[in-house]
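The values are calculated or read from the model by the stated rules, or taken from the named source; none is laboratory data. These figures come from a predicted structure and were not determined experimentally. Reconstructed Cβ throughout: ideal geometry from the backbone, glycine too, with neighbour counts over all protein chains shown. Remember, those area values only see protein heavy atoms, side chains included, never the ligands or the DNA or RNA. Shrake-Rupley method; radii C 1.70, N 1.55, O 1.52, S 1.80 Å.
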Amino acid sequence: MFAYILRRLVYAIPILVGVNLLTFALFFMVNTPDDMARMQLGVKRVTAEAIEKWKAERGYDRPLFWNGAAAGAGKATETIFFQKSARMFLGDFGRAEDGRDIAREISARMGPSLAIAVPTFLLGLGVAVTLALMLAFFRATALDFWGVALCVLLMSISGLFYIIGGQFVFAKVWQLVPISGFGEGLDTWRFLVLPITIGVVGGIGASTRWYRTLFLEEVNKDYVRTARAKGLPETVIFFRHILKNAMIPILTGVVVVIPSLFMGSLLTESFFGIPGLGSYTIDAIQSQDFAVVRSMVFIGSALYIIGLMLTDISYTLVDPRIRLSS
Amino acid sequence: MSFQPVLLWSDVLLWLLVFAVIGLGAYSGRARHLRRSWKRLGKSNVATAAATLLCAFLLVGLLDSLHYRQRLPDAPGQSEAVYAVEALSALDGLLSHLREHNERTYSAPLAARAFVMETEETTAGVTRVYPRLHYGGAHLEDESGKAIDVARRALTGVGLALLCTALVAGVVFRRKPQSDFAWRGVLSALLVLFLVACTLSQLAGDYHVFGTDKVGQDVLYQTLKSIRTALVIGLVTTLVMLPLAVALGIVAGYFRGWADDVIQYLYTVLNSIPGVLLIAASVLMMQVVIDTHPQWFSTSAERADLRLIALCVILGVTSWTGLARLLRGETLKLRELDYIQAARAFGVSSVRVITRHILPNLMHIVIISLVMDFSALVLAEAVLSYIGIGVDPSMHSFGSMINNARMELSREPAVWWSLAAAFSFMLVLVLAANLFADAMRDAFDPRHEG
């Protein structure tokens, strides 16, 4: 097991390097730091000195890959690539446009993001699996048909509608919860109820339908027929056998996203004014803060790779036929 | 000539795509294994109804993709014709009264008076009133007759719709179709379409059926214009994605070895970057490039158009990975099958094996995933435009409509009609696409047979 995890970690490095090179190419080669400076400074104040000053303040005045002017190891380290991209591997993300340390900002914002994302994820999974199991249990009945129809309808509604509509009805018209914001301590739940509910409802259509197909695939398998022939009641077949076996494909889809919960939800957080990583990312995109976007890309990919690894490990836990060593 | 045709890039691509789809349909109608699937699709009422709705959207989008510049009235002593700077589309021409009838600011759907009070000076002094609209209900002498007028027009619309549907139904059933094509789906979708279209056209002449927005523009007009943007995003993106996904997926699965390793590495890297962030990063970069090269674009419409295409390219480059992975897996399975092994043993070249034997057997996966992606892309456009990395702000799209209108809900009383119009049109489009995609999968996926 340990050797396997180690090997997967080694595999992950070239992928992270690839992500790093890709973002570097996007952010520094497609357009030069001069262009970025012009964007940030606005059209009015653009003089050659202002651009040079902006670049010097942020350390963008170095060469891209190779600094011939520096001495010794500095030839490789005194470059934009090393200072801005390679150092992300060490957890050093540099500073945002407003001068704050990005790494510190990220660790401070993780909490609120998780406070929304974890309950949404768990509740959503529970509700979707339950509903899907119910639809599969009553398969080929009117309940199943209208349930699937409802799922397709829910899927076809824009995520923005759930948020805008929910906020309007529950927070503005009925005034059950505050419209937006985030509190400290025990009072926080009042701010969390609505975003979590909307997150669960918004995701329910697609996942219920997907899990239903997974359950139905199991229903037609031989071991289920054997169980029926033995005279097992349908409920036992569903909860003891089908649910367990369908968990394997469900896990693949689900475990991958667990590490990404740290990133928060972009839309929910920005609509509800929650100071998490999702709203941080949106703000950075809107104010064109390239340093922050670059850091979030890097963290996001690292989390995704961890997710892939967790998926493989979770396979062995639920399916004893799969051995990691082989 | 009283007008000069204008070719925008997205127009060219959209029309090309439509012809390509027709060509593909004709090809797959001849290929026997696919013809059976098409027939099965035609038997489903849901599929034909959804397809009819999609065709209606496509018609609006294509009308909106024929651009021209109107000729300006001749000035004295002028020898050459001068054309307006603004490029209009055929749809603009048809809806000229909607486009030109602008109010001063908000007005509710079917309203005859403005939504906000204005100061009016009369002989009795200064009063605060809701003024009459310039165009909405302006034909009414007495406002109390509005309800009756609206009802009368709506009823005329319903009558017309029933008449049209009856006509079509008569033509269809007179010819007594022998096949088991699901005409019922087409007719019921047509009934709904005619009902909506006739009622709207009866009312839209003298009212703002969906109200007006902040700058007084008709919301119905904006909604209809948004359809083209959604279609371009949903269709042109596949034009970019498809060659990448098909070529790389098949090459990886067929040749294996180092090619497989490189391609797998490429799509794992792309996949591991969170989608929105990759798109955001690319769009930000594109914006910088566009802003630093203003000389590339002669008009702002051209800039908005190129931005739309760039967005499609970015969405395509970031979303080919899923389809490529599917195709790679399927190719891996196919290449081990006996008939392909036999072809290789006879010395048939790789290119020929791929085009003759592998590609046709992957067609169902390609067709299914194209239709499935369409609805996802339409929904994605709204989200991207909300974040501010979508289409040009000057371009009508569902996303920018939502983005512009979302603050208005906090007004007292709320301005809800822009949002409602954008969301409901988007819902119908996406729902039709989803239902059609489901029916396509049932008809084309061999695993769903029986």
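The table below lists the values:
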quantity: Every residue from the stretch A:143-162 that is assigned to a helix (DSSP H, G or I) and either touching a strand residue (DSSP E or B) at 6+ places or on another chain (Cβ under 9 Å) or within 7 Å of another protein chain (Cβ to nearest Cβ) (or both); calculated: A:V152, A:L153, A:M155, A:S156, A:G159, A:L160, A:F161
quantity: B:L58 being open to solvent by 80 Å² or more (accessible area, probe 1.4 Å), among the hydrophobic types (A, V, I, L, M, F, W, C) and at pLDDT 85 or above; calculated: no
quantity: Boolean, A:A128 is away from chain B (no Cβ under 14 Å) and open to solvent by less than 10 Å² (accessible area, probe 1.4 Å); calculated: yes
quantity: Matching residues in the stretch A:219-235 - criterion: being farther than 19 Å from A:G126 by Cα and in a helix (DSSP H, G or I); calculated: A:V219, A:D222, A:Y223, A:V224, A:R225, A:T226, A:A227, A:R228, A:A229, A:E234
quantity: Residues of the stretch B:42-79 satisfying the condition of being over 17 Å from B:P5 (Cβ atoms) and either among the basic types (K, R) or free of Cβ contacts under 8 Å to residues at least 24 places away in the same chain (or both); calculated: B:K43, B:C55, B:L59, B:P73, B:D74, B:A75, B:P76, B:G77, B:Q78, B:S79
quantity: Complete set of residues in the stretch B:153-191 that are in a helix (DSSP H, G or I), in contact (Cβ under 8 Å) with a residue 40 or more places away in the chain and under 17 Å from B:L53 (Cβ atoms); calculated: B:W183, B:R184, B:G185, B:V186, B:S188, B:A189, B:L190
quantity: Single match in B:R411, B:R441 (criterion: among the charged types (D, E, K, R), within 11 Å of chain A (Cβ to nearest Cβ), without any contact (Cβ under 8 Å) to a residue 60 or more places away in the chain and open to solvent by 40 Å² or more (accessible area, probe 1.4 Å)); calculated: B:R411
quantity: Options A:E97, A:E105; residue that is modelled with pLDDT of 75 or more, under 29 Å from A:M263 (Cα atoms) and part of a loop (DSSP other than H, G, I, E, B); calculated: A:E97
quantity: Given (1) within 18 Å of the chain's Cα centre (by Cα); (2) farther than 30 Å from B:T299 by Cα; (3) free of Cβ contacts under 8 Å to residues at least 40 places away in the same chain, number of the condition B:N434 does not satisfy; calculated: (3)
quantity: Residues being within 20 Å of B:G257 (Cα to Cα) and either more than 42 Å from the chain's Cα centre (by Cα) or free of Cβ contacts under 8 Å to residues at least 12 places away in the same chain (or both) - total across the stretch B:332-346; calculated: 6
quantity: The stretch B:298-328: number of residues that are farther than 24 Å from B:A280 by Cα, at pLDDT 90 or above and open to solvent by 30 Å² or more (accessible area, probe 1.4 Å); calculated: 2
quantity: Total residues in the stretch A:78-94, condition free of Cβ contacts under 8 Å to residues at least 24 places away in the same chain and either outside any helix (DSSP H, G or I) or open to solvent by less than 40 Å² (accessible area, probe 1.4 Å) (or both); calculated: 4
quantity: Of all residues in the stretch B:257-297 being aromatic (F, W, Y) and open to solvent by less than 50 Å² (accessible area, probe 1.4 Å), the one that is nearest to the other protein chains (Cβ to nearest Cβ); calculated: B:Y267
quantity: Lone unmet requirement of (1) modelled with pLDDT of 85 or more; (2) open to solvent by less than 30 Å² (accessible area, probe 1.4 Å); (3) over 17 Å from the mean Cα position of the chain (by Cα); (4) farther than 30 Å from A:I15 by Cβ for A:T188; calculated: (1)
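Residues checked against (1) within 12 Å of chain A (Cβ to nearest Cβ); (2) surrounded by fewer than 20 Cβ atoms within 10 Å (Cβ to Cβ); (3) part of a helix (DSSP H, G or I):
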residue: B:M363; (1), (2), (3): no, yes, yes
residue: B:D373; (1), (2), (3): no, no, yes
residue: B:L377; (1), (2), (3): no, no, yes
residue: B:V391; (1), (2), (3): no, no, no
residue: B:S394; (1), (2), (3): no, yes, no
